[in-house]
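S.K.: Sharing a structure here in structure tokens format.
Rule-based calculations on the coordinates, nothing more; no lab input. Note that the structure is predicted; figures quoted are calculated from it, not measured. Reconstructed Cβ throughout: ideal geometry from the backbone, glycine too, with neighbour counts over all protein chains shown.
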Amino acid sequence: MRKLILGIGGMTNGGKTTLSKSLQELLQNSCVISQDNFFKDDSVVPADVNGFKQYDTLDALHMDKMMADIGLWQEDPQSFMTSRGHAVKSTASELSSVFILIVEGFLIFNHGPLNSLINKRYFLQIPYETCKERRSSRVYVPPDPPGYFDGYVWPMYLKNRKVMEETVNDMGTVIFEHSISTVTSVTFLNCGELCE
């Protein structure tokens with residue numbers, strides 16, 4: 001049995017979840033772990049000097065719990081998938097089975113222990129204007145306060161991306177002008193390449 005961890009990182013509202021779900025539908029024996037599912041409770045997330053909650057840091061995430069889930073997948077991908085309701089397709093030879101974990105999130109490459117586990121890395125980018133428009137159209141709990149995108153989210157994205165670029169050098173970067181579709185996901189990622 002082969003195991004592959006695919007990392008899909010990128011900016012807020014950049015298409016990470018959409019692409020990850022499309023890939024999961026396309027790739028046999030794959031499942032997704034999303035970093036967004038590991039945010040700490042709002043009550044423990046500190047605010048900066050402007051009163052903006054500091055969600056765009058690793059300290060705002062339960063990375064220990066995320067790593068524990070990834071560890072469970074690594075120990076037994078088949079059990080991990082079936083325990084979460086995902087279908088597992090057997091091959092004639094168990095040795096030729098390939099299991100793929102798609103880890104997606106905005107800071108996955110900034111967390112050293114997680115980054116070291118990832119076999120293939122892709123970073124998604126969209127233009128500033130598209131990102132801001134998408135962010136303003138989504139409903140967050142708690143809601144983004146006025147000025148949050150320009151005063152906190154975008155500057156933190158630039159800061160986190162700079163740190164990532166200084167530490168990660170085997171990254172595929174994909175820039176989308178507007179949206180990601182299943183067709184785009186197929187042309188951007190050759191599914192056969194993933195299992196090489």
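S.K.: Run the quick spin-label model on Q74 and V45: label points 7 Å from Cα toward the beta carbon, then report their separation in nm to one decimal.
M.R.: In this crude label model, Q74 to V45 measures out at 2.7 nm.
S.K.: Let me ask something else. Using modelled backbone amide H atoms (1.01 Å from N, in-plane), which distant-in-sequence or interchain residues come within less than 5 Å of I5's amide H?
M.R.: Under 5 Å from the amide H of I5 lie the amide H atoms of L101, N119, K120, each far enough along the sequence or on another chain.
S.K.: Once you have the Cα-Cα distance between T167 and D36, take 0.36 nm times their residue separation minus that, and quote the gain in nm to one decimal.
M.R.: Net length gain for the segment: 44.9 nm.
S.K.: Short version: ³J(HN,Hα) in whole Hz for each residue of region 64-70, in order, from phi by Karplus 6.51 cos²θ - 1.76 cosθ + 1.60 (θ = phi - 60°), x for Gly and Pro, what are they?
M.R.: For region 64-70, the Karplus-derived couplings read 4, 5, 4, 5, 5, 5, 5 Hz, x marking Gly and Pro.
S.K.: Around F123, which amide H atoms from residues at least 5 apart in sequence, or from another chain, sit under 5 Å from its own amide H, with H modelled in the peptide plane?
M.R.: Hits under the 5 Å cutoff: G9, G172, T173, V174.
S.K.: Something else now. Put a dot 7 Å past each Cα toward the Cβ at S136 and T82; how far apart are the dots in nm?
M.R.: In this crude spin-label approximation the distance works out to 5.0 nm.
S.K.: Report the charge-dipole magnitude of region 11-70 in Debye, nearest 20, computed about the Cα centre from +1 at each Lys and Arg Cβ and -1 at each Asp and Glu Cβ.
M.R.: 180 debye
S.K.: At each listed q (0.31 Å⁻¹), what is the log10 of I(q)/I(0) that the Debye formula gives for region 93-148 modelled as equal alpha-carbon point scatterers?
M.R.: Listed by q, the Debye log ratios stand at -1.21.
S.K.: Further question on the same structure: When the distances between all Cα atoms of region 7-101 are binned every 10 Å from zero, what whole-number percent does each bin get?
M.R.: 14, 37, 30, 14, 5, 1
S.K.: Then there's this: Cβ neighbours within 10 Å, averaged per peptide: list 161-170, 144-153 in order, most packed at the top.
M.R.: Highest-to-lowest ranking by the protection proxy: 144-153, 161-170.
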